[in-house]
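Student: One structure, as structure tokens, below. Some questions next.
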There are 2 protein chains.
Amino acid sequence: MGRLQRELRQNRPFQSTAHEAVVGLIRTADMVRRQMTALVGPQGITLQQFNVLRILRGAGSEARDGVPTLEIADRMIEQTPGVTRLLDRLEAKELVRRQRCPKDRRQHLCWITPKGLALLQKLDEAALRSHEESMKGLRAKDRATFIRLMEAIRAPHQ
Amino acid sequence: MGRLQRELRQNRPFQSTAHEAVVGLIRTADMVRRQMTALVGPQGITLQQFNVLRILRGAGSEARDGVPTLEIADRMIEQTPGVTRLLDRLEAKELVRRQRCPKDRRQHLCWITPKGLALLQKLDEAALRSHEESMKGLRAKDRATFIRLMEAIRAPHQ
DNA sequence: TATCAATACTTGACATGTCAACTATTGTTG
DNA sequence: CAACAATAGTTGACATGTCAAGTATTGATA
């Protein structure tokens with residue numbers, strides 16, 4: 001009887017290795033997600049909102065021109081249909097600024113505000129520590145393997 | 001520049017291997033979750049509801065006595081505060097039956113109904129295929145490694 | 001045995017997620 | 001250049017998730 005099966009106190013064995021991998025994956029991600037949520041929550045934002053802010057900061061050179069809404073949706077770590085409303089809330093908190101694109105008036109361009117940047121900076125260190133904490137069960141070499149295996153999982157689905 | 005960084009079209013590199021592992025993990029799990037959701041959705045249930053049904057079926061020998069609500073919460077793959085309402089909806093669909101425990105009237109015991117069992121049976125094959133599909137990027141040996149690495153990640157957090 | 005803490009939920013209030021339908025604007029094609 | 005499709009997003013309706021506070025019941029203690 002495997003460890004995961006014990007964790008979930010199930011009496012049936014997994015139907016296949018693939019099944020065990022899927023369940024383990026969802027369970028592990030949930031754990032890590034919760035850690036991150038606990039980190040950003042006290043600052044009044046959700047994990048998704050945090051992700052949007054990081055996208056806007058991380059956009060790099062193109063950040064000056066602003067990032068269109070759907071471009072943000074595309075870059076989200078987790079697929080998120082409700083980006084508009086995410087941005088509404090971030091704008092209400094003055095962490096993000098939006099403006100219609102003059103060249104293509106269908107687009108809305110987004111920027112992170114100085115207030116948003118300050119919030120991210122405040123979270124940066126804690127996030128770094130949190131990631132280390134989440135992955136403390138793996139040594140450097142195993143982390144690299146883990147990353148590689150997940151890329152192999154995602155590759156056929158793009 | 002790593003593959004994941006390209007996937008997310010970020011111009012900033014990851015701050016650490018742990019960071020890349022965390023982001024990859026959440027992203028990969030989201031992908032797999034979506035596949036599963038797409039599978040069970042057409043049957044009118046959510047992934048969490050599906051999980052509850054599988055818990056009730058998988059409870060094994062103790063299933064005769066029924067499973068208390070909080071026991072279900074404990075066994076969920078993903079931590080879920082709203083088990084009561086999950087059960088409400090499942091009961092409304094007649095996939096689950098509930099009853100007060102006579103020995104401890106605080107507890108509510110739950111069983112899967114024949115209708116619930118039939119629904120699970122209908123989904124079993126498709127779920128098996130879906131798990132294979134999700135993990136098709138990994139060969140058998142890599143799957144075992146992957147499972148082991150995730151257990152190592154979770155172990156320090158129990 | 002009355003009181004108090006702990007357990008096992010349930011409920012309310014509110015934020016978030018999700019899907020489908022809708023609007024505005026821009027490209028494309030006969 | 002008019003008509004139509006495609007793009008980029010918004011909005012509405014509803015389900016789900018989440019947190020805090022409330023209720024019923026049981027166990028432990030003075």
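Student: With (1) out of contact with any Leu (no Cβ under 6 Å at 6 or more places or on another chain); (2) within 30 Å of B:ARG143 (Cα to Cα); (3) more than 13 Å from DNA strand C (Cβ to nearest atom) as the list, and A:MET76 as the residue in question, which single condition is left unmet?
Tutor: Unmet condition: (3).
Student: Quick check on my filter: what residues within segment A:47-97 are within 11 Å of another protein chain (Cβ to nearest Cβ) and outside any helix (DSSP H, G or I)?
Tutor: A:ALA59, A:VAL67, A:MET76, A:ILE77, A:GLU78, A:GLN79, A:THR80, listed by residue number.
Student: Checking B:GLY44 against (1) more than 14 Å from every other protein chain (Cβ to nearest Cβ); (2) at pLDDT 90 or above, only one condition comes out false. Which one?
Tutor: In the conditions (1) more than 14 Å from every other protein chain (Cβ to nearest Cβ); (2) at pLDDT 90 or above, B:GLY44 misses (2) alone.
Student: All but one of (1) surrounded by fewer than 18 Cβ atoms within 10 Å (Cβ to Cβ); (2) touching a residue at least 12 places away in the same chain (Cβ under 8 Å) hold for B:GLY82; state the number of the condition that does not hold.
Tutor: Here B:GLY82 clears every test but (2).
Student: Just a yes or no: is a residue in segment B:93-114 of a type in the set (A, V, I, L, M), near DNA strand C (Cβ under 10 Å from one of its atoms) and without any contact (Cβ under 8 Å) to a residue 40 or more places away in the chain?
Tutor: The answer is no; no qualifying residue exists.
Student: Could you check segment B:135-144 and list, in sequence order, the residues that are surrounded by 17 or more Cβ atoms within 10 Å (Cβ to Cβ) and either more than 9 Å from chain A (Cβ to nearest Cβ) or in a helix (DSSP H, G or I) (or both)?
Tutor: B:ASP142, B:ARG143
Student: Residue by residue through segment A:15-46, note down the ones that are surrounded by 19 or more Cβ atoms within 10 Å (Cβ to Cβ) and assigned to a loop (DSSP other than H, G, I, E, B).
Tutor: Hit for segment A:15-46 is A:ILE45, nothing else.
Student: What are the pairs with Cβ atoms under 6 angstrom where one residue, in segment B:116-132, is under 16 Å from B:PRO42 (Cβ atoms) and the other, located anywhere, is among the acidic types (Asp, Glu) and modelled with pLDDT of 90 or more? Sequence gap at least six, or different chains.
Tutor: That search, which allows pairs on different chains as well, returns nothing.
Student: Let me ask something else. Would you point out the residue of segment B:116-134, among those that are within 15 Å of the chain's Cα centre (by Cα) and farther than 25 Å from B:GLU94 by Cα, that is nearest to the other protein chains (Cβ to nearest Cβ)?
Tutor: The qualifying residue nearest to the other protein chains (Cβ to nearest Cβ) is B:HIS131.
Student: Shifting gears a bit: Can you confirm whether B:GLN49 is touching a residue at least 24 places away in the same chain (Cβ under 8 Å), within 15 Å of DNA strand D (Cβ to nearest atom), under 24 Å from A:PRO13 (Cβ atoms) and surrounded by 13 or more Cβ atoms within 10 Å (Cβ to Cβ)?
Tutor: yes
Student: If you don't mind, another one. Would you check if B:PRO102 is outside any helix (DSSP H, G or I), within 13 Å of another protein chain (Cβ to nearest Cβ) and over 19 Å from A:GLN5 (Cα atoms)?
Tutor: no
Student: Would you mention how many residues in segment B:89-114 are surrounded by fewer than 13 Cβ atoms within 10 Å (Cβ to Cβ) and on the phi < 0 side of the Ramachandran plot?
Tutor: Let us first name the residues in segment B:89-114 that are surrounded by fewer than 13 Cβ atoms within 10 Å (Cβ to Cβ), namely B:92, B:94, B:99-100, B:102-106, B:114.
Next cut, on the phi < 0 side of the Ramachandran plot only: B:92, B:99-100, B:102-106, B:114.
Selection size over segment B:89-114: 9.
Student: If I filter segment A:1-39 down to residues being within 14 Å of the chain's Cα centre (by Cα) and more than 7 Å from chain B (Cβ to nearest Cβ), which single residue comes out as farthest from B:LEU128 (Cα to Cα)?
Tutor: Within segment A:1-39, the first condition is being within 14 Å of the chain's Cα centre (by Cα), and the residues that meet it are A:29-39.
Filter once more, keeping what is more than 7 Å from chain B (Cβ to nearest Cβ): A:35-39.
Details: A:GLN35: 30, A:MET36: 31, A:THR37: 31, A:ALA38: 34, A:LEU39: 36 Å.
So, considering only residues that are within 14 Å of the chain's Cα centre (by Cα) and more than 7 Å from chain B (Cβ to nearest Cβ), the one farthest from B:LEU128 (Cα to Cα) is A:LEU39.
Student: Check whether at least one residue in segment A:60-73 is modelled with pLDDT under 90, loosely packed, with under 13 Cβ neighbours inside 10 Å and within 16 Å of DNA strand D (Cβ to nearest atom), and report yes or no.
Tutor: Checked segment A:60-73: at least one residue is modelled with pLDDT under 90, loosely packed, with under 13 Cβ neighbours inside 10 Å and within 16 Å of DNA strand D (Cβ to nearest atom).
Student: Right, here's the next one. Tell me yes or no: at least one residue of segment A:109-129 is within 12 Å of DNA strand D (Cβ to nearest atom) and either of a type outside the set (A, V, I, L, M, F, W, C) or outside any helix (DSSP H, G or I) (or both).
Tutor: Quick first cut of segment A:109-129, residues within 12 Å of DNA strand D (Cβ to nearest atom) only: A:109-110.
In the following step, the residues that additionally are either of a type outside the set (A, V, I, L, M, F, W, C) or outside any helix (DSSP H, G or I) (or both) were identified as A:109-110.
Yes, segment A:109-129 has at least one match.
The values are calculated or read from the model by the stated rules, or taken from the named source; none is laboratory data. Predicted, not measured: the structure shown is a model, and the values here were computed from it. Neighbour counts run over all protein chains shown; Cβ positions are idealised from the backbone, glycine included.
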